[in-house]
Structure formats: C-alpha cells, structure tokens
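See structure below.
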Amino acid sequence: MKTLAKITLAFGLLSTLLTTTAANTLAVTPKPQLPKTPPNEQLKVQRQSGNCPKTFGIWNTFRYYEGGGENTVIADTLAIALPAKLVSSGKKFVEYRGTLKKAYATCVGSASSEGNTYRVSFQKGNVYFRVQLPKDTPSNPSEISDRTILASRPYVRWAIAD
C-alpha cells in the first residue's frame, strides 16, 4: 500500500511538473532573427546637404490576429553606419542612433514611411531611426511591446488593436 501511495505521489508531481513546463514554454516569445533577404521596404532619403544614401532599407512585417495585429520593423542602419545604440524609448516611441560610416558622415537629410510611423534623420555624423506610434483612440490603441538591438540593427515590435 505504501508503494502504491509513493507511485501515485510521484506521478502526480511529475504530471504537475510537465504541465507547468509546457505552459511556460508556450509563453516564451521566440527570439527575433534577422531576415536572410534584403530589406523589403526602401524609404527615399530627402537630401539637404552632404553625401547621403538614396534610400534607407527596413524589414517591415505585419501579422494579423483577431482583434488587431503585430508589426515588426528592423532598420538596416548597418549598411550605412556603425552598430546602432538605443537612445530613448517609451510606450509610444523608440529611437536609435548609429554613427555614420565615413562615406555618409556629411549627410544631412531625412526619410519617413507612409504615415510617418518610421522616421530616419541624418545629422551631425549620425543616423537616427525612430518609431513613433500614433496617439491612442478608443478603437485603435497601440504600444511598443519589444525593442532591442538585433545583429547591430534597431529592432522594434509593436501591436495595435482594431
């Protein structure tokens, strides 16, 4: 009888452990990876002075789900600058800076996406990449859910509800 109780207790503990481990594994967000393809969007750079790149590449993806969607953007700053650094962030914005490579160090200019969610500025030998979410409305709240440096480039994930 004692053996049966020990076996029952062991199986109970084991099933609890397996259930907890499975639930925790599902809650983990997958680690972001840099796409193996070239950036899928090119923002046209408006040059004011100096030597500027003609375009600025970003990887931009959107995943729909019931009630909203999730955007992921990676800025290809490494093509024109040294590794990016996070400058500042909040619930509705995040900004990165990278020191421009010698060929573009004199660039003064800007670029932006349709709707101005993604903004790029070139000034004082640096490139700045900023994600600025619109103000919330009752029907369309949004927030930045993840920000990091991915392969020396700015990475931002943000969500919006419908």
### Selection status of N60, touching an Asp or Glu at 6+ places or on another chain (Cβ under 6 Å), of a type in the set (S, T, N, Q) and at pLDDT 95 or above
yes
### Message
Just to confirm my filter: which strands (runs of 3 or more DSSP E) fall fully inside region 76-125 and include at least 2 residues that are under 15 Å from the mean Cα position of the chain (by Cα) and within 17 Å of Q46 (Cα to Cα)?
### Response
118-123
### Query
With (1) over 16 Å from P39 (Cα atoms); (2) open to solvent by 30 Å² or more (accessible area, probe 1.4 Å); (3) in contact with an Asp or Glu (Cβ under 8 Å, 6 or more places away or on another chain) as the list, and A159 as the residue in question, which single condition is left unmet?
(2)
### Summary
Every listed condition ((1) open to solvent by 60 Å² or more (accessible area, probe 1.4 Å); (2) touching a residue at least 60 places away in the same chain (Cβ under 8 Å); (3) assigned to a strand (DSSP E or B)) holds for G69 save (1)
### Task
Could you tell me whether P154 is in contact with a strand residue (DSSP E or B) (Cβ under 8 Å, 6 or more places away or on another chain) and within 19 Å of P39 (Cα to Cα)?
yes
### Query
Based on what the data block shows, is V108 of a type in the set (A, V, I, L, M) and surrounded by 19 or more Cβ atoms within 10 Å (Cβ to Cβ)?
no
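Which count do you get for residues in region 126-153 that are of a type in the set (S, T, Y) and in a loop (DSSP other than H, G, I, E, B)? Break it down into steps so the answer makes sense when it comes.
Taking region 126-153 and keeping what is of a type in the set (S, T, Y), we get 128, 137, 139, 142, 145, 148, 152.
The next check asks that each one be in a loop (DSSP other than H, G, I, E, B); those that pass are 139, 152.
Result for region 126-153: 2.
So which of G109, G125 ends up being in contact with a Leu (Cβ under 6 Å, 6 or more places away or on another chain) and over 26 Å from Q33 (Cα atoms)?
On the way: G109 fails: in contact with a Leu (Cβ under 6 Å, 6 or more places away or on another chain).
Within the list G109, G125, the selection yields G125.
Regarding S145, is this residue over 19 Å from P35 (Cα atoms) and more than 11 Å from the chain's Cα centre (by Cα)? Before the answer, list the steps.
Details: over 19 Å from P35 (Cα atoms): yes; more than 11 Å from the chain's Cα centre (by Cα): no.
The answer is no for S145.
Can you spot a residue in region 84-105 that is of a type in the set (S, T, Y), within 16 Å of P53 (Cβ to Cβ) and open to solvent by 50 Å² or more (accessible area, probe 1.4 Å)? Break it down into steps so the answer makes sense when it comes.
From region 84-105, those of a type in the set (S, T, Y) are 88-89, 96, 99, 104; that's our starting set.
With the extra rule that they be within 16 Å of P53 (Cβ to Cβ), the set shrinks to 99, 104.
Subsequent filtering for residues that are open to solvent by 50 Å² or more (accessible area, probe 1.4 Å) retains 99, 104.
Scanning region 84-105 turns up at least one residue that is of a type in the set (S, T, Y), within 16 Å of P53 (Cβ to Cβ) and open to solvent by 50 Å² or more (accessible area, probe 1.4 Å).
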### Message
Take the conditions surrounded by 15 or more Cβ atoms within 10 Å (Cβ to Cβ) and touching a helix residue (DSSP H, G or I) at 6+ places or on another chain (Cβ under 8 Å) and apply them to I80. Does it pass?
### Response
yes
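The values are calculated or read from the model by the stated rules, or taken from the named source; none is laboratory data. Just so it is clear, the structure is predicted and the values come from calculations on it, not from any experiment. With ideal geometry, Cβ positions are generated from the backbone for all residues, glycine too; neighbour counts draw on all protein chains shown. Heavy atoms of the whole protein, side chains included, go into the accessibility calculation; ligands, DNA and RNA do not. Shrake-Rupley method; radii C 1.70, N 1.55, O 1.52, S 1.80 Å.
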